[in-house]
1. So for segment A:78-220, considering every pair of alpha-carbon atoms, how many percent are separated by more than 28 Å?
2. So between B:Arg164 and B:Leu99, what do we pick up on full extension, going 0.36 nm a residue minus the alpha carbon distance?
3. Counting only other chains, and only Cβ atoms inside 10 Å, what mean value do you get across the residues of A:70-76?
4. Per residue of segment B:85-100, in order, report the coupling 6.51 cos²θ - 1.76 cosθ + 1.60 (Karplus, θ = phi - 60°) as ³J(HN,Hα) in whole Hz, putting x for Gly and Pro.
5. Go ahead and set up a Gaussian network model of chain A, Cα springs under 10 Å, then flag whichever of A:Ala190, A:Ala119, A:Ala69 fluctuates most.
6. Please report, for the Cα atoms of the protein assembly as shown, the Rg to one decimal and the Dmax as a whole number; what are they, in angstrom?
7. What 222 nm value per residue comes from the helices of the protein assembly as shown, counting each DSSP H run with n ≥ 4 as -39,500 (n - 2.57) and dividing by all residues, nearest 500 deg cm²/dmol?
8. Return the sequence-ordered ³J(HN,Hα) values of segment A:116-124 in whole Hz as given by the Karplus equation 6.51 cos²θ - 1.76 cosθ + 1.60 applied to θ = phi - 60°, using x for Gly and Pro.
Amino acid sequence: MPFPWNGASFSSSALIFLSILLMGLSAFKPHMFDSTRTGVADSFSPVLFWVSLPFQHVSIFFHDVTGLAQLQADNVRLEQENIKLREWYQTALLLDSENKSLRDLLNLKVEPHYKHISARVIADAGNAYVKSLIVPVGTKDGVIKGAAVLSSDGLIGRIVEVGEDTSRILLVTDINSRVPIVVEDTGQHAIMAGENVSVPILIHLPQDSEIVQGSRLITSGYGGMYPHGLPVGKVVTDSENVMGVVLFSNFDTIQIVRILQKDIPKTHKKDN
Amino acid sequence: MSAISEQMEMFLRICVPYGVMFMLFIFNMVFFSTPLSTTIEIPFVVMVVYYWSIYRPTLISPLLVFIAGLCLDSLSGFPIGLSSFVFLVIRKTVSDQRLFLTGQPFMVIWLGFGVVSALSALVQWMLFGLMHMHWTPFQPVIFTIIAGVLLFPIIALLLNLSHRALPSLPDQYSAVK
């Protein structure tokens, strides 16, 4: 009877066993491999950056060509909107100055101001299981873990891993994502939970919830992870009365993202 | 001098399939901004592992497959070891059947890929669900399988072209699994 293991099949079986072992470790201690992940992402980022460039240009080109008719219609609409917005701008300036003077009167502690870092998406893990993106900015650029990430339309996720040159964004649609939100009109709080599909659901709603379809949702700022007031999406209800969120951001066309950073004012030591 | 140029030629010939493999590996990760990109992932690496497990298993050693899986898991945010496990099982199962598969017409190879790709996606989906205690929707997995099966002939053609660049190996080497 021949010996059932030759060299290659032995190493194959040993590596399969090792993979199972790693899976177990990854399941029970998911953060154990964070540094490995960021190291690999840092190593691959130059290649991913250059390879993704032509694809993004092609995608922009097709988007522009197919959208010419839409552009004309949008232009007319935007001109109309612009006239209205100019009037609103003047109103906003007045309200802003009034708001500042009232805050001063109340001695209210204002939230820290935020600055942002813009970055281009270089890799996408948009598959059936994990919803995340990789951007070529990291600790060198001042990115910190937990920072909120926005597209031009609204919230898309938060930073979960930061390497020297790259960072991973966990999208709000991922099953591991939970975002505290508030309904803009009614002030009701809830949690938006990712389901690995394009429409996250609302959980932890009160029994007598008065949230109606189409209500605008913003981040509540609870937990301190996301700042208050970031636009998130609108409420939709499915046939089983489960409340979901149609996000403002279109995840299919995201190319540039903004990473919010707390702008902490520099403190100067007093010279004695 | 001619020995050096022969060695150089051999090296360059071997570089061709590895270059194609690396390109497909990167394509697995590159951000394609299309309306379907968030729901469909094209399993390029599964295609590569399947193809070479049939036609030249010595080209993709178990260690290389393991490392490719680890890199893919690290880049995509998958649980570490999941892709390595799936790729290694595909490599072992397919290379065990290569004596049968090598002589078959392309339709059989294509059908075989359909089965392998469906089973690997199913295993990946089940393991991911078990590890996260949450069953993700199955519809995107079906889309992924269909996209992979539809694109396989094109990728197989590309791999076949890179296969032609390879120097032919003596029988004792090509028979090693």
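1. Details: 3998 of 10153 pairs.
Cα-Cα pairs in segment A:78-220 separated by more than 28 Å: 39 percent.
2. Values: separation 65, 0.36 × 65 = 23.40 nm, distance 1.96 nm.
Separation in residues times 0.36 nm, less the Cα-Cα distance, equals 21.4 nm.
3. Details: counts 0, 0, 0, 0, 0, 0, 0.
That average works out to 0.
4. With the stated coefficients, segment B:85-100 comes to 4, 5, 5, 5, 5, 4, 4, 5, 5, 5, 5, 5, 9, 5, 4, 6 Hz.
5. Fluctuation is largest for A:Ala69.
6. So, for the protein assembly as shown, Rg and Dmax equal 26.1, 92 Å respectively.
7. Numbers: 11 runs with 224 residues, N = 449.
That calculation yields -17000 deg cm²/dmol at 222 nm.
8. 9, 10, 8, 8, 8, 6, 10, 8, 10
Bear in mind that the values in this text are calculations on the coordinates, not laboratory data. What you see is a predicted model, and the numbers here were worked out from it, not measured in a lab. Glycine gets a Cβ as well: all are built from the backbone with ideal geometry, and neighbour counts include every protein chain shown.
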